[in-house]
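Notes to accompany the following structure.
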Amino acid sequence: MTDHRRFLKIPHARTALAVAGIAAGLVTSACGAGAGPAGTAGPHPASVGASPSASTRQPRAAPSKGPAGSTPGAVAKPLAGKIIGIDPGHNGLNYTDPAYIDHLIWNGREWETCNTTGTETDSGYTEARFNFRVALFLRADLRRDGARVVMTRKNNHGVGPCVNRRAAIINRAHPDVAIDIHADGGPASGRGFAVLEPVSDGPNDKVIRSSERFGRDVRRALLAGTSMPESTYDGVHGIKHRDNLAGLNLTRVPEVLIECGNMRNSADARLLTADRFQRRIAGALEAAITRFLRSR
């Protein structure tokens, strides 16, 4: 039984590692900070995205152009011109402001809390830290392949933003596809990843099929590129549809949420906390994104 795990993730774990999360700098969002949800006071606005990757060095002399204006020897990057949204779940200091993260927001179908602290391993390695590290590795991979990346938070030492605000940040950027990065806090005996996909509810109606196709690409890439098995306790063959998550309910672009593994399981925890494995997850997600966009 895990359907409720996403909302019961160690409400206010006070761990030093949560405070000492990565303070990596991110570039300013193309969509800006924006206003918080209607009717709520948002003392911690946190919305950032990524600007396009640095332009390539200009040659000293303009090369001659071949047929149709092409440049001889130029190699097109596979994701050139694409925009990718990344939502690293939670935030490192969410536990410091329970009044803020516990206030209710409308997720497109029902009321839910603004955010949660996320889960953690038995040794205190937080989900918020894991999510952000994988997001940074993924961002680097995507930029290398020419994509522009928009992220919903700029560091791991802040509070929020709320889950509906994260959805708005993604939607305003009009990305070609988006991924929500998480790790689960399931039963200690359970292992593996689960890809959570949206259920039609109005705002997301037009992207249900494309999100499902993206979810299959993510599942395939994780099986091929990592040693993490499909979840033994959540979904069927690593896939589960969810209608109670704001990011999936409110999305207007193809989007899935990936629970990369179970932080409460000792075998999964050893993998999830390892730098090398985090890079492998990012590589698998980048491969899934590339496959999805090439086949559109």
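The values are calculated or read from the model by the stated rules, or taken from the named source; none is laboratory data. All of these numbers come straight from a predicted model, not from anything done at the bench. Positions of Cβ are backbone-derived with ideal geometry, glycine not excepted, and every protein chain shown enters the neighbour counts.
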Worksheet item: Of these, Leu104, Leu79, which one is surrounded by fewer than 17 Cβ atoms within 10 Å (Cβ to Cβ) and at pLDDT 95 or above?
Response: Leu104
Practice prompt. Scan region 224-260 residue by residue and report those that are closer than 15 Å to Asn107 by Cβ, hydrophobic (A, V, I, L, M, F, W, C) and assigned to a strand (DSSP E or B).
Written response: Leu257
Fill in: Complete set of residues in region 142-161 that are buried (at least 22 other Cβ atoms within 10 Å of the Cβ) and not in a loop (DSSP other than H, G, I, E, B)
Leu142, Arg148, Val149, Val150, Met151
Worksheet item: On the given criteria, is Gly235 more than 17 Å from the chain's Cα centre (by Cα) and either farther than 17 Å from Ile281 by Cβ or modelled with pLDDT under 95 (or both)?
Response: yes
Worksheet item: Which pairs do you get when a residue that is at negative phi and small (Gly, Ala, Ser), found in region 86-114, comes within reach of a residue that is surrounded by 22 or more Cβ atoms within 10 Å (Cβ to Cβ) and in a helix (DSSP H, G or I), reach meaning Cβ atoms under 6 angstrom, with the pair 6+ apart or on two chains?
Response: Gly89/Asn131; Gly92/Ala18; Gly92/Ala128
Fill in: Failed item in (1) modelled with pLDDT of 95 or more; (2) surrounded by fewer than 21 Cβ atoms within 10 Å (Cβ to Cβ); (3) part of a loop (DSSP other than H, G, I, E, B), with Gly186 passing the rest
(2)
Discussion item. For region 209-240: of the residues being of a type in the set (A, V, I, L, M) and surrounded by 18 or more Cβ atoms within 10 Å (Cβ to Cβ), which is nearest to Arg264 (Cα to Cα)?
Written reply: Met228
Practice prompt. Identify, from the list Ala50, Ala33, the residue that is at pLDDT below 50, within 17 Å of Met151 (Cα to Cα) and surrounded by 21 or more Cβ atoms within 10 Å (Cβ to Cβ).
Written response: Ala50
Worksheet item: Is there a residue in region 150-162 that is of a type in the set (D, E, K, R), farther than 17 Å from Leu248 by Cα and within 14 Å of the chain's Cα centre (by Cα)?
Response: yes
Discussion item. Where the second residue is among the acidic types (Asp, Glu) and crowded, with 21+ Cβ neighbours inside 10 Å and the first is within 26 Å of Arg296 (Cα to Cα) and lies in region 214-243, which pairs have Cβ atoms under 7 Å and are six or more apart or on separate chains?
Written reply: Gly215/Glu197; Ile239/Glu197; Lys240/Asp234; His241/Glu197
Item to complete: Restrict the check to region 127-141 and report whether at least one residue is modelled with pLDDT of 95 or more and in a loop (DSSP other than H, G, I, E, B).
Response: no
Worksheet item: Any residue at all in region 192-213 that is in contact (Cβ under 8 Å) with a residue 12 or more places away in the chain, closer than 20 Å to Val163 by Cβ and in a helix (DSSP H, G or I)?
Response: yes
Worksheet item: Could you list, in sequence order, the residues of region 109-126 that are in a loop (DSSP other than H, G, I, E, B), surrounded by 22 or more Cβ atoms within 10 Å (Cβ to Cβ) and more than 14 Å from the chain's Cα centre (by Cα)?
Response: Cys114, Asn115, Thr116, Thr117, Thr119, Thr121
Worksheet item: Is one or more of the residues making up region 272-282 part of a loop (DSSP other than H, G, I, E, B), aliphatic (A, V, I, L, M) and either out of contact with any helix residue (DSSP H, G or I) (no Cβ under 8 Å at 6 or more places or on another chain) or within 18 Å of Leu142 (Cα to Cα) (or both)?
Response: yes
Item to complete: Return only the number of the condition from (1) touching a strand residue (DSSP E or B) at 6+ places or on another chain (Cβ under 9 Å); (2) of a type outside the set (Asp, Glu); (3) under 17 Å from Phe193 (Cα atoms); (4) outside any loop (DSSP other than H, G, I, E, B) that Arg264 does not satisfy.
Response: (4)
Worksheet entry | Every residue from region 249-274 that is free of Cβ contacts under 8 Å to residues at least 12 places away in the same chain and either charged (D, E, K, R) or surrounded by 19 or more Cβ atoms within 10 Å (Cβ to Cβ) (or both) | Arg270
Fill in: region 265-289: number of residues that are within 14 Å of the chain's Cα centre (by Cα) and of a type in the set (S, T, N, Q)
1
